[in-house]
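Engineer: The structure is given below, and queries will be raised subsequently.
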Amino acid sequence: MIKEKSFLEMILDKKPDKKVLDKMGISESEYKEFMKTMIEFEQPKYNRVMSSEEKEVLTPEAFGYLIDLLQMGSIDDETMERIIIIALQVGNFVKQRVTRQMVDEILNFIIFSGQRSVSVKDILDLLILSDHEFDFGNEVN
């Protein structure tokens, strides 16, 4: 007697048995769609290590916030990199560390403005209007 494959065994083998699928009430197209979804779900995670300059300019909370947004799928890796580049420019200009709140404001500006590229001046104007106090005499540590 030949043992029928379970659905899990078919998934692991990636070979659907039409009789078993029919018995389970699953069409071949539903099976293929399920497999496609599983393959997309298993995309490799984006790994990112902060450079020494980034560690000096971005607070750990700001970087952690970006990582959290990336892992939730709220932003993609390209957007994360754009935010980091802008944050580095802002932090170096104002001679202060970039906080989580500042990163959030930069991100919101980029997303809701619809602009693919923004200038540091635009971001500084935004942050100044948001009542951030900058001490231009301090050095970034």
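Engineer: Which ranges mark the helices (runs of 4 or more DSSP H) fully within segment 9-82 that have 3 or more residues being touching a Leu at 6+ places or on another chain (Cβ under 7 Å) and at pLDDT 90 or above?
Structural biologist: In segment 9-82, the matching helices (runs of 4 or more DSSP H) lie at 52-57.
Engineer: Specify the residue that is surrounded by the most Cβ atoms within 10 Å (Cβ to Cβ); the eligible residues are those in segment 91-106 that are closer than 16 Å to residue 61 by Cβ and without any contact (Cβ under 8 Å) to a residue 40 or more places away in the chain.
Structural biologist: Of everything passing the filter in segment 91-106, 106 is surrounded by the most Cβ atoms within 10 Å (Cβ to Cβ).
Engineer: Given the options 123, 110, 106, name the one that is of a type outside the set (S, T, N, Q), touching a Ser or Thr at 6+ places or on another chain (Cβ under 8 Å) and modelled with pLDDT under 90.
Structural biologist: Testing whether each residue is of a type outside the set (S, T, N, Q), touching a Ser or Thr at 6+ places or on another chain (Cβ under 8 Å) and modelled with pLDDT under 90 leaves just 110.
The values are calculated or read from the model by the stated rules, or taken from the named source; none is laboratory data. Model, not experiment: these values are computed from the prediction. Positions of Cβ are generated from backbone atoms using ideal geometry, with glycine treated the same way; all protein chains shown enter the neighbour counts.
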